[in-house]
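> So that we are looking at the same thing, I have put the structure below in structure tokens.
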Amino acid sequence: MNKPKITIIVPVYNAEQYLQRCVDSILVQTFTDFELLLIDDGSKDKSGEMCDEYAEKDERVRVFHNENHGVAYTRQFGIKHVSTEYFAFVDSDDFIDKHYLALLLREITSAQSDMAVCAYYEMGQNGSMICCDTPYDKISFIKALLLAKEWGVLWNKLFKKKIVDDNSISFIEHLHIWEDLAFVIEYLLACSVISFVKEPLYSYDRTIVGSLTKKDSISYYKEIIDAVNKIEYVISKYGYSDLFCKELNNLKILVKDGCIKRKITKEKYHLWYSTFPELGNEYFENSTEKTGAYLLKYKMIGILRLYQIIRNIYRKFL
């Protein structure tokens, strides 16, 4: 097979229930000059076997079987095996329109941009689909990401491999959360022009949810803090610290508030206390968790616990 134009990277982990939907949507693309990397991240179900079956049927499919390392490591592994001019990511529980590659490629070439971004559908728990199609320039896009007005997702974007290589852009491999946001912002900082496709070409399935307990663990918040520290570093590296100072502080406040939104523990208190101390009074002035923040400021952990219990009861019966 001749060298293709685009590589699609699909991390796969225990995805047997929805992998067929994902891969089938890729293999029927109207633009056919691509290769598909299915990277099995140590799946314990039949996902790995399914990947091998696709490779046997279609020469555009390459399969890798790794020990479990997590999604960031797997995506970085995928990038290391990209030899094409462009690459894209698709999550194994989502699917794409048959014109996904054709329209993204047409946009990035006709606009001579460094990244092409398409609108997408969100498939909700109630079966609804929402089209997200807001276009931005480079600066306003980064600001929207820092303000959490847009998600820093990878899967509705076409990237240039040369920009990644020339600027040594990479994932923080130990992260399981916000690794995509850090990557996208670093990539945008290295871009000159981004362009948009108005058609929703990607379907993001929100009905597949993660564990709430995992999302309230100390390691979860520490990984988010690592991601924000990386974002702050690359913003400084590219000389944009002053331009994005307000938005970056807003992101830090959001993360700091996250530590105390759910049940407070001593570990969470110590993490909250040590996180982004440079915010100072700006945090207390702009926090969305003002009651909790002021109680912790004066080390009233027990009172905060009682406040959270009462608040949860109130919300339950409201």
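The numbers here are math on the coordinates, done by the rules we state, and not lab data. Just so we're clear, the structure is a prediction, and the values are computed from it rather than from any experiment. With ideal geometry, Cβ positions are generated from the backbone for all residues, glycine too; neighbour counts draw on all protein chains shown.
> Let me know the longest stretch in the chain that avoids all GluC sites (Glu not before Pro) found in a DSSP loop with at most 12 other C-beta atoms within 10 Å.
Values: sites that count: E59, E67.
No qualifying site falls inside 68-318, the longest such stretch.
> A further question follows. Within the stretch 251-268, list the residues whose amide N lies under 12 Å from a label point set 7 Å along Cα→Cβ of L279.
251-261, by backbone N distance to the label point.
> Once you sort the root eigenvalues of the Cα gyration tensor of the stretch 181-314 as a ≥ b ≥ c, which label holds: rounded (a/c under 1.5), prolate (a/b larger than b/c) or oblate (the other case)?
oblate
> Please report, to one decimal in angstroms, the Kirkwood hydrodynamic radius of the stretch 141-205 built from all distinct Cα-Cα pairs.
13.0
> If you build a Gaussian network model of the chain, linking Cα atoms that sit under 10 Å apart, which residue out of W272, W178, W155 swings the most?
W272
> In the Gaussian network model of the chain, springs joining C-alpha atoms below 10 Å, which of I139, I235, I163 carries the largest mean-square fluctuation?
Taking springs between Cα atoms under 10 Å, the residue moving most is I139.
> About its Cα centre, what dipole magnitude does the chain give when the only charges are +1 on Lys and Arg Cβ and -1 on Asp and Glu Cβ, stated in debye to the nearest 20?
On the way: 41 positive and 45 negative charges, 319 e Å.
I would put it at about 1540 debye.
> To the nearest whole percent, what portion of all C-alpha pairs in the stretch 32-89 is separated by more than 16 angstrom?
Values: 730 of 1653 pairs.
For the stretch 32-89, the fraction of Cα-Cα distances above 16 Å is 44 percent.
> If the label point is 7 Å along Cα→Cβ of K261, which residues in the stretch 222-237 have backbone nitrogen under 16 Å from it?
222-225, 228
> Still on this model: Taking the Cα of N286, stepping 7 Å toward and past its beta carbon, and measuring to each backbone N in the stretch 261-275: which are under 19 Å?
In the stretch 261-275, the label zone of N286 (backbone N under 19 Å from the point 7 Å along Cα→Cβ) covers 261, 272-275.
> Right, next: Kindly state, to the nearest 0.05, the FRET efficiency for L147 paired with F317, given R0 = 45 Å and r defined as their beta-carbon distance. Write out the running numbers ahead of the final one.
Numbers: r = 33 Å, r/R0 = 0.73.
Calculated value: 0.85.
> Right, next: Just the number, please: percent antiparallel of the DSSP beta bridges in the chain, rounded to the nearest 5. Could you put the intermediate results ahead of the total?
Values: 12 of 38 bridges.
Expressed as a percentage, antiparallel bridges in the chain total about 30.
> Amide H neighbours of E35 under 5 Å, counting only residues 5+ apart in sequence or on other chains, H built in-plane at 1.01 Å?
For E35, the qualifying residues are I6, T7, I8.
> Can you tell me which of I303, I185, I231 moves the most in a GNM of the chain? Springs connect C-alpha atoms under 10 Å apart.
I303
> Mind listing which chymotrypsin sites (Phe, Trp or Tyr not before Pro) in the stretch 9-54 are in a DSSP loop and have 10 or fewer other Cβ atoms within 10 Å?
For chymotrypsin sites (Phe, Trp or Tyr not before Pro) across the stretch 9-54 that sit outside H, G, I, E and B with at most 10 neighbouring Cβ atoms in 10 Å, the list is empty.
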